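Colleague: Mind looking over this structure? Questions follow.
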Amino acid sequence: MDSTAHGILLEWEDGVQYLHSAEKEWFYLQGVKDGMGMNREMNLYLKNNQSEF
């Protein structure tokens, strides 16, 4: 493989790795957002139904 093709391949690999990292970060943040929303809803439910427990 010549140096030009090798450089292009490395550049492409960097781009793929960047996109993969951005996707993983997005999924992580969505999970945190979903978890916080679920926690808020559970707290509201428990607060509103406290007399039943």
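The values are calculated or read from the model by the stated rules, or taken from the named source; none is laboratory data. Here the structure is a predicted model, which means the values were calculated and not measured. Every residue, glycine among them, receives a Cβ derived from its backbone with ideal geometry; neighbour counts consider all protein chains shown. Keep in mind that these areas ignore ligands, DNA and RNA; they rest on the heavy atoms of the full protein, side chains included. Shrake-Rupley method; radii C 1.70, N 1.55, O 1.52, S 1.80 Å.
Colleague: What are the equivalent ellipsoid semi-axes of the chain, built from the alpha-carbon gyration tensor (square roots of five times its eigenvalues), in whole angstrom, biggest first?
Modeller: For the chain, the ellipsoid semi-axes come out as 51, 5, 4 Å.
Colleague: Which one, Gln17, Asn49, Met36, is farthest towards the positive end of the dipole of the chain when Lys and Arg carry +1 and Asp and Glu -1 on their Cβ?
Modeller: Asn49
Colleague: If each of Met36 and Ser51 carries a label point 7 Å out from its Cα toward its Cβ, how far apart are those two points in nm?
Modeller: 3.3
Colleague: Also, I was wondering about something else. Using only the heavy atoms of the protein chains and a 1.4 Å probe, how would Lys47, Lys24 rank by accessible area, largest first?
Modeller: Lys47, Lys24
Colleague: What dipole magnitude, in Debye to the nearest 20, does the chain give about its Cα centre under +1 on Lys/Arg Cβ and -1 on Asp/Glu Cβ?
Modeller: The calculated dipole for the chain is roughly 480 debye.
Colleague: Rounded to the nearest 500, what is the chain's calculated 222 nm mean residue ellipticity when only DSSP H runs of at least 4 contribute -39500 (n - 2.57) each, over all residues?
Modeller: Estimated from H runs of four or more residues: -32500 deg cm²/dmol.
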